[in-house]
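First the structure, in the form of structure tokens, and then the observations on it.
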Amino acid sequence: MILLFAVRLVGRRTASQMAPFDLVVLFLFAGITITPVLADDHSMTGAFSAICTIGLMHIAVSWMKMHSDRFGRIVDGTPVVVFENGDFNRRRMRRLRLTQQDIMAAARQRGLMRLDQVRYAVAERDGKISIVEDEA
């Protein structure tokens, strides 16, 4: 019941839309709820207050992201163009630890078999690679 309350408290997001910060919050929820269930301390009050604290902090960070673009970029990152005009940006790819095979896999998922069919490849904030097709 406590976890259901906490998930409702932090809001709805599908797994495909989760930013890294959202995943951290979910892992924290899981870690906190294991302690009262499996450990010697079976205090539901402690678990409830810890989950509410993390949930409220998540709401505060979300509110700050809505009101400050700069804060949002710090917390969630920004999209990064890793392929454009027929060339890979190797410096950006190295920083993101992406390979050419990662970009080609994303292109194949869009039904593209050759790089000359790709105009841009963008590493999104959630880690996915978006492909923009070349219209030529």
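The values are calculated or read from the model by the stated rules, or taken from the named source; none is laboratory data. Source: prediction; values computed, not measured. Here the Cβ is made from the backbone with ideal geometry for all residues, glycine too, and neighbour counts use every protein chain on show. For accessibility, only protein heavy atoms count, side chains too; no ligands or nucleic acids. Shrake-Rupley method; radii C 1.70, N 1.55, O 1.52, S 1.80 Å.
When the stretch 92-124 is examined, which residues are found to be touching a residue at least 12 places away in the same chain (Cβ under 8 Å) and out of contact with any strand residue (DSSP E or B) (no Cβ under 9 Å at 6 or more places or on another chain)? Across the stretch 92-124, the qualifying residue is only ASP116.
Residues that are open to solvent by 50 Å² or more (accessible area, probe 1.4 Å), in contact with a Ser or Thr (Cβ under 9 Å, 6 or more places away or on another chain) and under 16 Å from GLY86 (Cα atoms) within the stretch 120-136 comprise just one, TYR120. Can you tell me which residues in the stretch 78-136 are among the hydrophobic types (A, V, I, L, M, F, W, C), in contact with a helix residue (DSSP H, G or I) (Cβ under 7 Å, 6 or more places away or on another chain) and farther than 28 Å from ASP22 by Cα? Listed by number, the residues that qualify are PHE88, VAL118. Please tell me if ALA106 is under 30 Å from VAL25 (Cβ atoms) and in contact with a Pro (Cβ under 9 Å, 6 or more places away or on another chain). Criteria not met by ALA106.
Among residues of the stretch 56-111 being among the aromatic types (Phe, Trp, Tyr) and assigned to a helix (DSSP H, G or I), the one that is farthest from ASP134 (Cα to Cα) is TRP63. A residue that is surrounded by 12 or more Cβ atoms within 10 Å (Cβ to Cβ), under 28 Å from PHE27 (Cα atoms) and hydroxyl-bearing (Ser, Thr, Tyr) occurs somewhere in the stretch 55-63.
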